[in-house]
1. Take the Cα pairs of the chain, get the Kirkwood Rh, then feed it into Stokes-Einstein at 37 °C and 0.692 mPa s and tell me D in µm²/s.
2. What does the charge add up to near Ala29, with Lys and Arg as +1, Asp and Glu as -1, over the other residues with Cβ less than 12 Å from its Cβ?
3. In what sequence, largest accessible area first, do Lys8, Lys35 appear using a 1.4 Å probe?
4. Could you give the size of the charge dipole of the chain about its Cα centre, using +1 on the Cβ of each K and R and -1 on the Cβ of each D and E, expressed in debye and rounded to the nearest 20?
5. Please give, to one decimal in nm, the separation of the simple spin-label points placed at Gln25 and Thr3, each 7 Å out from Cα toward the Cβ.
6. For the chain, which whole percent of the accessible surface, found with a 1.4 angstrom probe, sits on carbon and sulfur atoms?
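The values are calculated or read from the model by the stated rules, or taken from the named source; none is laboratory data. A quick note: this is a predicted structure, and the numbers were derived from the prediction, not measured. With ideal geometry, Cβ positions are generated from the backbone for all residues, glycine too; neighbour counts draw on all protein chains shown. The accessibility values were calculated without ligands, DNA or RNA, using every heavy atom of the protein model including side chains. Shrake-Rupley method; radii C 1.70, N 1.55, O 1.52, S 1.80 Å.
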Amino acid sequence: MATRWSVKLREFHQVFVKEEIDIDQVTLAIAEFEKTPVTPNSRFDQWLAG
């Protein structure tokens, strides 16, 4: 049975293809993650929209 981390690690390798994980890949993954808001229509989102 696959654990949550093993699934995420497999997905990471599918995206980055390389065998070893390096800091540049981690930085890019975090940057992409931060682009995806998870609080649609929050007070902050409303403030950003004006």
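1. Details: Rh = 13.3 Å.
Diffusion coefficient, whole number: 248 µm²/s.
2. So the surrounding residues net to -3.
3. On the way: Lys8 110, Lys35 135 Å².
If we order Lys8, Lys35 from most to least accessible, we get Lys35, Lys8.
4. Charge dipole of the chain: 280 debye, to the nearest 20.
5. Distance between label points: 1.9 nm.
6. Here carbon and sulfur together make up 63 percent of the probe-accessible area.
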